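Bear in mind that the values in this text are calculations on the coordinates, not laboratory data. None of the values given here were measured: they were computed from a predicted structure. FYI the Cβ positions are ideal-geometry reconstructions off the backbone, even for glycines, and counts take in every protein chain you see.
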Amino acid sequence: MLDQKSGMQPATGAKAEIDLVSELLLGMRLNGLSYRRIRMSPPFGLRFGAAPSDGRAQFHFVANGPVLLRTAAGAVQTLATHDAVLLPQGVPHELVSGLEVLSRDIAAYRANPLCAAVGAITGSDANDPRPTDAIIFSGCMELDLGGMHPLVALMPEVMHVGALLGRQPEILPMLEAMEREACTERAGYAGILARLADVVSASIVRGWVECGCGDATGWVEALRDPRLGRIIAAFHRDPGRDWTLAGLAAEMGSSRSVIAERFLRVTGTTPLRYLTELRMSLAAEWISREQMPIEVAAHRLGYGSQAAFSRAFKRVIGHSPGATRAEAKKRSAG
C-alpha cells in the first residue's frame, strides 16, 4: 500500500532499518589519538578547550568519583564511579571537584608517558593516595562516521553511557574492567584502558544511532523508508557510479519528482547533494589518512577530471585536496 503523501512504500519494520544502520556504520572509525590517566586530590578543576574542527571527540571515564562535568554553557552533570561520557564535537568543558573550584587547562599539566599515546597526570601525593582522590581516564579521539559524518553535528554535546545500559548490558562489564585497570595499575593497564575506551565510545555512538538519533529524525525516517533507505545504501555501496536522478527513479520504481521531493523533505538535502558530500567525505579520509594520490581518489569516485573533483572537494570540505594532504602530513609529523 502506498503512502498517500509521498506515493512511496511505507516503512516495513525495524529489522531493515537496523540492518542498514549496521551496514552504514561499518565505515565508522574511532581512533584514540592521546589518552591520560588522571589522579587528582580535591579541590581540583581541569579545563578542556575546544578540539580542532576535524572530527576530534573527547572521552572521559571516571574510575573513582564523583566528578562534576561542566560545559561552556553552564550545564552540569555529576559523573559517579563507572560513568563514561563522550563529547563528539569536543566542545570546551571542565571536570571539577566542586562548582566553586577554579579550573586549570589540562595542557598545563605534565603527563608522564606510560606507553605509546598514554600519559599519566598526578595532582595528588603519589606516596599518600587517598580514597577521595578522583581517578579519570580521558581520551582525545578521532571520530569519523564515513558517509554518515553529518550525524556528528546533530549529536548532543555530551553523550552519557548510562543511557545505553538498559539496551546494552554487555557494556557494564567493560566499565567495571576499566575501573579495575585504572585503579590497580597492573602491568599493561594503560594499553588495555585505551582499547576499552575506544570500544565504549564506539558503543555510545552506535547506541545513539540505533535509538533514533535523538532529534536527527530526518536521517532515521530516511533509513526506515524502504526506497530512500535503498538509495542511501546504494550510494554507500557504489559512490563512484555515475548516478542520475532519472537512473535512481528507474531503479526504485518511482518518478524523479517523487524521489527528489521525498528525499529533500526527509533529509533536508537532495539525493545528488547527499552523494557529493558522501564522496568528498570519503575522499578526505582516503587523502588524509590513507595518503591515497588525489588522482586515484578522483577516479575511484567517478570523476573523469581532477580539476572537477578538486572544485567539488573545495566546495564541500572548504579547502583543496592538496591542502588536506598537507595538513594531514603536518599533524602526523607533529
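Distance between the C-alpha centres of segment 48-123 and segment 190-205: 16 Å, rounded to the whole angstrom. How far apart, in nm, are two points set 7 Å out from the Cα along the Cα-to-Cβ line at GLU176 and at VAL296? Between GLU176 and VAL296, the label points sit 4.7 nm apart.
With a Förster radius of 30 Å, plug the Cβ-Cβ distance of ILE192 and GLN168 into 1/(1 + (r/R0)^6) and report the FRET value to the nearest 0.05. Calculated value: 0.90.
At full extension, ASP242 and LYS314 could sit 23.9 nm farther apart than now, given 0.36 nm per residue minus the alpha carbon distance.
Placing a pseudo-label 7 Å from each Cα along the Cα-to-Cβ vector at ARG265 and MET28 gives an inter-label distance of 3.0 nm. For the pair LEU99 and ALA116, the difference between a 0.36 nm per residue extended length and the Cα-Cα distance amounts to 2.7 nm. For ALA107 and VAL258, the FRET efficiency from 1/(1 + (r/R0)^6), where r spans their Cβ atoms and R0 equals 35 Å, is about 0.05. Normalising the average separation of contacting C-alpha pairs (under 8 angstrom, six or more residues apart) by the number of residues puts the relative contact order of segment 234-316 at 31 percent. Here LEU154 and ALA73 are evaluated by their C-beta separation; at R0 = 25 Å the FRET efficiency comes out at 0.90. Using the Cβ of ALA308 as centre and a radius below 15 Å, the other residues enclosed give a net charge of +3, where K and R count +1 and D and E count -1.
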